[in-house]
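Accompanying notes for the structure given below.
Read-outs throughout are calculated quantities, based only on the coordinates presented, and are distinct from any laboratory measurement. Just so it is clear, the model here is predicted, and its values are computed rather than measured. FYI the Cβ positions are ideal-geometry reconstructions off the backbone, even for glycines, and counts take in every protein chain you see.
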Amino acid sequence: MLDLHLIRSESDAVKESLRRRGLDGSEIDRVLELDIEHRRLLQRQESLRSEVKSLSKEVGAAKRAGDEEAAAAVQARSRALGDEEREAAHAAEAIGAEVRAQLLVIPNLPSPDAPDGAGEEDNVELRRWWPGIEEGAPEPTYEDHQRVPHWEVGEELSILDMERGAKIAGSMFPLFRGAGSRLLRALGSFALDSHLDAYEEVRPPTFALTETLTATGHLPKFHEEAYLMERDDLWAIPTAEVPLTSFHRGEILAEEDLPVRLTALTPCFRREAGAAGRDTRGLLRVHEFDKVELFAYTTPDQAEAAHLDILERAEQLLRSLGLHYRVLDLCTGDIGGSAARTFDLEVYSPGVDRWLEVSSVSWFSDYQARRAQVRYRPAGGGGPQLVHTVNGSALAWARIWAALVEVGRQADGSVKLPEVLSPYLGGRLEISRP
């Protein structure tokens, strides 16, 4: 959520920044209009309250003087003003709620370093990596046996059963089997172990309160994309970013304890309501998937290093897995609403002949922290300040799983898996036909 004081004092600069996202600034004008009315009503409420207090003193004085008639008249006036004060308070509360509602849907200000652009076609590719690039190896090409889509490979090897998944829960809910299930479990354990040198492992709840999703910016904007259990007012989390952002919600941290780094492996649930009919085969777009998330609370000065650390960790996992990937610097028209800057990692998947997003690494400045009211007390003194939040996937496994079985497919139809997963697979790095 944007700082209302910033909007008041630097409205033109805020509108100019939001224009980089394709907005016209009318959202800010509306907030300012409501804010003026809200403050007017608060002032009227305070004025009426002050007058009521003054009249109460007059009532007491009249009664002490034995002038009951005058006391009754003043009391009547006081009651009338009290009614007006309550009306002003209700009106102020309603307008204040509308101000907050408007602020909740205005996106974050993009970083000056984020490239300008209208959509994904304007994202900037920063670099590519593939096995052997450091020794001068050319960008890889792929054999025909690697250009088989993962859902066909999964069916041939009995490691992915989309049909039974659909029978159990409906379309786009995958069911992994046998070696396919073990591969998924191995990927999660491998990633968590890779991050424990600096990140505390957390196993958060899979369901979260409305307030928790609001803190990250997923609500109210993306309510159509999330699964809601109305009876309990609980949402299935779309990412571990949601519970991790609220880990210290409403708390004040000590600066010397920052950065606070957390990691979690959770299932993630997304209705993908806006993507009906697209990428519905295999694991390209699913309603449930496992993901390891990295998250950090930082001071403003620590945020850039924390952002780059998560990016490097995600890249290192991809390099360890031997996957061909590229890094994109997302333009202002494509970054998420809560983010100030985002890097995406995309893996090349030969069986579907596409680059698949497998990680999104974002810095949110103080946008989420203002919603969640997570602050820190500066070591040098002064009042509490909002932290910055940073998070990223390291990694999301459905598409990694897909890329691994396509890239690793051998001419005989078996799949060879990366050596780095050997400790998590009992040394069995080949998946063959049953």
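Of note:
- Within straight-line cross-link reach of Lys53, lysines at Cα separation under 17 Å, skipping those fewer than 8 residues along the same chain: Lys63
- Karplus 3J(HN,Hα) series, Hz, for the stretch 196-206 with 6.51 cos²θ - 1.76 cosθ + 1.60 (x for Gly, Pro): 6, 5, 9, 10, 7, 6, 10, 10, x, x, 7
- Listed residue (Leu234, Pro378, Val347) projecting farthest to the positive dipole end of the stretch 120-431, Cβ model: Leu234
- Each Lys and Arg Cβ is given +1 and each Asp and Glu Cβ -1; about its Cα centre, the stretch 4-105 then shows a dipole of about 300 debye.
- Residues whose amide H comes within less than 5 Å of that of Leu356, counting only those at least five positions distant or on another chain, are Val347, Tyr348, Ser349 (H built at 1.01 Å from N in the peptide plane).
- Point-charge dipole on Cβ atoms (K/R +1, D/E -1) for the chain, about Cα centre, debye to 20: 1000 debye
- Local net charge near Glu155, Cβ-Cβ under 14 Å (Lys/Arg +1, Asp/Glu -1): 0
- Environment charge at Asp83 (Cβ cut-off 14 Å; Lys +1, Arg +1, Asp -1, Glu -1): +1
- Residue-by-residue Karplus 3J(HN,Hα) for the stretch 14-28, coefficients 6.51, -1.76, 1.60, Hz, glycine and proline x: 5, 5, 5, 5, 5, 5, 5, 8, x, 8, 9, x, 5, 4, 6
- Converting phi to 3J(HN,Hα) with the Karplus coefficients 6.51, -1.76 and 1.60 and the offset θ = phi - 60°, the stretch 335-345 yields 5, x, x, 8, 7, 9, 7, 9, 10, 10, 10 Hz in sequence order, with x at every glycine or proline.
- Compared with the direct C-alpha span, the chain from Ala379 to Ser11 gains 129.3 nm at full extension, assuming 0.36 nm per residue.
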